[in-house]
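Read the structure below first, then the notes.
The values are calculated or read from the model by the stated rules, or taken from the named source; none is laboratory data. These numbers come from a predicted model, not from an experiment. Using ideal geometry, Cβ is built from the backbone for each residue, glycine included, and neighbour counts are taken over all protein chains shown.
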C-alpha cells in the first residue's frame, strides 16, 4: 500500500505554495473515516440514559456540563472537514427534530467504520454508497411497520396525557436519568397547556418558556400557565387579581418627539404654567386608563417618575420589560394588543389575567403572570448550580421538540434499541435477496444498527455481547424486545435493585418517535455517503486576511 | 507506514478523559474544601482574604470565602455555585453544604478507583438523598405558631444557633433578639430590602441598636440647616422627588414643527431672544428678564409654600434641596433633607405611609406620611436622622457599631445569615436539632437502610451515611476535641434512638441538642442535602473535559487541522 505514489506529477506545482493535496483511499478516505471515528468516541459515552457528562469549556471560557451531543459539538469547535460533515448532519437533526443528535453522530461514524473494512476488502466507495442507499431505502420502508399502536392521533394528544408523558420521558431520560419521570410530566403538562384544543392550531416550541432560578433542587421545579419574569415591578402595588392589562411598547412618560427640540416659552406666565400643564396632561392620561378599568400596565420602556406617581395614586401596577420579545410574549399570554402610543386601549386591546404578583423564589424576585387560559406556559426550573440548570434546560428543550414532532406525526416506535435489532435482522434477510456486490454493504448497514443497543448496554456497564445475543434470540418471538434500564416500578418499592436487562419495551412504555428515527437514519446515512464519496482533498493555502467573525448565533434563543 | 496524527479539534484544545478525569476533579474539590474546612461551627476560625484590589475581608462564611477565592477549576467551580445557591435559598449553611459534597465525593472515590460505573454511584446517591429528606421531614419537630410567644422563642433559638458559629457568637443572645425583632416587624412577604443595615465605626458591639422605623445618615445640607428643628413630634412627612432649587424647570422642553420654513423662523426667534435679552440687559431695561427670573423664584416659592400650607414638618427629597429652600424651611420650623438615598426614601415611605410624590399640586393626607417622633441624633461620629413610632412600621433599621470596617462587614454578613434563617423559620415552622445531631440521625438511618439493599448500592449508601458524619467530626476537630471519641459516643446514643444527640461544644461532650435549644430550620438541612448531592452527582457524571482555547488565539483552519505532513 505504501508503494502508491498518489500525487499527479506537476499537480502540486500548479498551486500556490502551502496548499495541500491528498488523493486516494489511503490518504483521503481512511483519514476522513478516522477523524469521524474519533469524533464519535467523544460522544459515545454520553449516549443513552446512563451516558456520562462532558465538561466543555468553550472559547469564551464558559463552562458546560452536558451529555447533549449537539451542545458538545457546537462548543468544541470541530475543524476537520470530514468530521464537520457529520457534525452538520447532527446539526440538521437538531434543527429538524431537536432530538436524537447523538444518534446521528453515532450511527454515521459506525457506518463509516464498517465501510472502512469493506473498502479494505477491495470494494470501491461507490459500491458501498450504492449499498448503503439501498439499505436506507429499505429501512425507511420498514420503519413504519414497527409502529406500536397506542391510538395516538394529532387530535387526541390531550386525552392521552400518559402516553405523551412517556414519550417525553424517554427523551429526558437520555439526559437526566432519574429525574425523567418528574420532568416528563411537568413538560407534558406545559405542552398540553399551550396546545389549543383544536387540532388546527400548530404547536410553537417558543410557547413553552423556561425560567431558571438558582437554588433549591430540581424536584422543586414547577410549571405555571402564563409567564414568569425575573424582574421586580416598578410600582408600589405588587399583587393584582383579575387584572385588566394595557400593554405599551413605548415608555410611560411625557411624550417626547424624536426630533430634539426646546420648548419656546414666550412669557413668564407660560413658564409658570408649563410644569403644571405637563403634570395635568399625564394625570389625564393615567386617569383615563384607570377609568377604563385597567389596573396593570406593562411597558417596554421606562416608566417616568411623574407617571409612576400617578400610577401609584390610581393604584395601577406597572411592569417594565426590557426585552421586546418578552413584551410580545406577555401580550400573547394575556391576549392583549401591544400599543405603540400611550393611549387608552379599547376593550379588545386590553388583556386579562387571573393574577399577577411578585413572588420570591430562592433569592430571586419574579413577576408571575398566572392565567389559566394562557397560550404560554413557563417551567420554573430550580437547581443548585448553573450547569445543572443549563443541562436541565437542554433536556426540557429536547422534550418540547419531541412534543412538537408528536404533533406533526404521532407514530411511535419501540425504544431501547428494539427497533434497531428488528431492523438489523430484517435488513440481513433483505441483503440475502440482493444479487450484486451491494449485498455486503447492506449487510454492514444492518450490523451498524446493532451498535445502538450495544452502546446503551456498554454505557450501563453491562456485557454488551450477552445483551445482543439475548435480544436477537428474543426478537424471534417479540419484536418489541429492547434493552431496558432501571425498572422504575421497583424503585418506588425500594426492595428491588435497578436492573439492566432485556425486556418488552411496550410493557415498559419506552417509546421513540418515528420521525426522530427516520430523520436520524437518513441524515447519518447521507453524511456517511458524503464522506465516503470524497477521494481527494485539496486545501488552498490559508489567506492571511482578517479574522473570521465568530458565530454569534449560538446563544440567541430569544 | 507511520500513521500520522489526526486532529479534529482546534489547535490548543485540551482534552482529558476517563476515570482519571473523574478522580482529578474530585481532588480539585477536596482542595477547595480544605480552604474552608476550619471555618465550620462555633469554634471555627476566620479567614483573612486579600483580593486583587488588596481589599481585606475577614469572614468565616463559606459562600463569601469561596466567592473571593476566584476559583477557575471547572469542577471546583461547581462548589462555589452550590454555596451560592445555598446562600440564595436559605442564607446559611454554606460551609456545611460544601463539606458534605466533598465528603460524598471523597467517599465515592474508592468506588471509582475500583472501577464502579459512575452512574451506579449517582443513582445510589439520589436514592439516599430522597431517603434522607424523607427522614428529615419525618423527625422534624413542628412548633405551633399560634402562640406568638412560643414562635418568638423558636425564632430566637434558630437565630442563636446560626450566630453561634459567627464572629459575634459571644453577643448572640443580644443579636438574636434584635434579628427576630427586625424580621417580625416586616410584612407577610418579609422583603429583605425593607431591613436597613447601617454601619457606624466606633463604639462597642453592644451599642448596636435596632430602630423600629427608618434611620439614615444626615445628608449634605446647605446653610440654614443649623436653625432647623432637630426633634419633632408627630410631624407630617412629605417624600418628594422634586428638586427644590432655583433652576430651569425642564431642560428638555420641546418644539414641534410643521415645515422647514418654520424652522428658520424658530432659529431666527432663538437668535432674536438672545439678542433681545442682551439688548435689554444692555439697556438696563431688564424688565422682561426680571420677570422670568421672578417667575423662577415664584415657582420655587410656590412649591415651598404649598408644602408649608399642607402642614408638612419634614421634607425629604431624592433630589437636592437648595439653600433658598433650606432657609425657607428653617424660618418655618420645618426640617428638610435632600439627596436621600432612594432605598432609604422607599423605606421611609413604607414606614410612615404616604407616597413619594413628584408634584406638590395636590398634597393630601394620603400622600403625606407621619411618625411619632422624628429626631436627629449623634451616633459615634455621625449624625443620623431617625423616624420612630411609625404607624405602618413594616421596616426596621439596624445600626451596627464596631471597631473596624472589616469587623462590621463580617457582623453584617453574620446578621444577614441570621435574618435569612429567621425568615425561613417564619415561613416553615419545622425545626431540627443542630450541632451534628440531625446529621448523625440521618447517618444512622441510611446505614440501617443500606443493610437492606442487595448489590453495589449498599456500599454507596453506606458511604453516604459516613459522609454525613463529616459535620460533627469537623465541629469537634475545630474545637480541638477528640473527634473519634465523640463520634463513637454519638453513634452509641443514636443507636439507642436518641435522635437529637449532637456535639456539645461547651462541655466537650455529647448532649441532647434539642433540649439544649440548638435549633435549625429543617428547610436549611433539606436544601443543603439536595444541593450537595446534586453537585456531587454532577461532578461524578463528568468523564471528559474539553477545553477550547480562548477565542483570542489565532484561528486555526481546516488546512492546519489536516496536518498532513
Q | Top-ranked residue of the range A:187-204 - restricted to ones that are assigned to a loop (DSSP other than H, G, I, E, B) and at pLDDT 75 or above, ranked as surrounded by the fewest Cβ atoms within 10 Å (Cβ to Cβ) | A | A:204
Q.
Looking at A:72, A:76, can you tell me which residue is within 22 Å of the chain's Cα centre (by Cα), more than 14 Å from residue A:174 (Cβ to Cβ), touching a residue at least 12 places away in the same chain (Cβ under 8 Å) and within 9 Å of chain B (Cβ to nearest Cβ)?
A. A:76
Q.
So, in the range A:303-326, exactly how many residues are more than 12 Å from chain B (Cβ to nearest Cβ) and more than 42 Å from the chain's Cα centre (by Cα)?
A. 0
**Q.** Selection count, the range A:148-173, where residues are touching a helix residue (DSSP H, G or I) at 6+ places or on another chain (Cβ under 7 Å) and assigned to a loop (DSSP other than H, G, I, E, B)
**A.** 5
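Yes/no per residue for (1) within 14 Å of chain A (Cβ to nearest Cβ); (2) at pLDDT below 75:
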residue	(1), (2)
B:314	no, no
B:319	yes, no
B:335	no, no
B:365	yes, yes
B:394	yes, yes
Q | Residue within the range A:386-399 that is buried (at least 22 other Cβ atoms within 10 Å of the Cβ), in contact with a helix residue (DSSP H, G or I) (Cβ under 7 Å, 6 or more places away or on another chain) and at pLDDT below 85 present | A | yes
(Q) Against the condition surrounded by fewer than 24 Cβ atoms within 10 Å (Cβ to Cβ), more than 14 Å from chain B (Cβ to nearest Cβ) and at pLDDT 85 or above, how does residue A:94 come out, does it pass? (A) yes
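Yes/no matrix, rows are residues, columns are (1) out of contact with any strand residue (DSSP E or B) (no Cβ under 6 Å at 6 or more places or on another chain); (2) away from every other protein chain (no Cβ under 14 Å); (3) assigned to a strand (DSSP E or B):
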| position | (1), (2), (3) |
| --- | --- |
| A:347 | yes, yes, no |
| A:360 | yes, no, yes |
| A:368 | no, no, yes |
| A:374 | no, yes, no |
| A:389 | no, no, no |
Q) Could we say that residue B:445 is buried (at least 19 other Cβ atoms within 10 Å of the Cβ) and more than 23 Å from residue B:169 (Cβ to Cβ) here? A) yes
(Q) Looking only at the range A:205-237, how many residues end up being more than 14 Å from residue A:367 (Cα to Cα), out of contact with any strand residue (DSSP E or B) (no Cβ under 6 Å at 6 or more places or on another chain), surrounded by fewer than 22 Cβ atoms within 10 Å (Cβ to Cβ) and within 12 Å of another protein chain (Cβ to nearest Cβ)? (A) 1
Q | Candidate set: the range B:65-75, residues that are modelled with pLDDT of 85 or more and away from chain A (no Cβ under 14 Å); chosen: the one surrounded by the fewest Cβ atoms within 10 Å (Cβ to Cβ) | A | B:68
Q) Being touching a strand residue (DSSP E or B) at 6+ places or on another chain (Cβ under 6 Å), assigned to a helix (DSSP H, G or I) and surrounded by 22 or more Cβ atoms within 10 Å (Cβ to Cβ), is that true of even one residue in the range B:80-87? A) yes
Q: Name the one entry in A:414, A:453 that is without any contact (Cβ under 8 Å) to a residue 60 or more places away in the chain and either within 29 Å of residue A:150 (Cα to Cα) or in the same structural domain as residue A:525 (by the TED database) (or both).
A: A:453
(Q) Can you say whether residue A:306 is assigned by the TED database to the domain that holds residue A:353, under 18 Å from residue A:359 (Cα atoms) and either part of a strand (DSSP E or B) or modelled with pLDDT under 85 (or both), as far as the supplied structure shows? (A) no
Q) Is there a residue being within 14 Å of chain B (Cβ to nearest Cβ), within 17 Å of residue A:523 (Cα to Cα) and either surrounded by 24 or more Cβ atoms within 10 Å (Cβ to Cβ) or over 22 Å from the mean Cα position of the chain (by Cα) (or both) anywhere in the range A:128-141? A) no
Q: Name the one entry in A:406, A:471, A:412, A:381 that is touching a strand residue (DSSP E or B) at 6+ places or on another chain (Cβ under 8 Å) and within 14 Å of chain B (Cβ to nearest Cβ).
A: A:381
Q. When you scan the range B:217-231, how many residues do you find that are touching a strand residue (DSSP E or B) at 6+ places or on another chain (Cβ under 6 Å) and either assigned by the TED database to the domain that holds residue B:89 or surrounded by fewer than 20 Cβ atoms within 10 Å (Cβ to Cβ) (or both)?
A. 6
Q. If you check residue B:132 against the conditions, is it in a helix (DSSP H, G or I) and not assigned by the TED database to the domain that holds residue B:542?
A. no
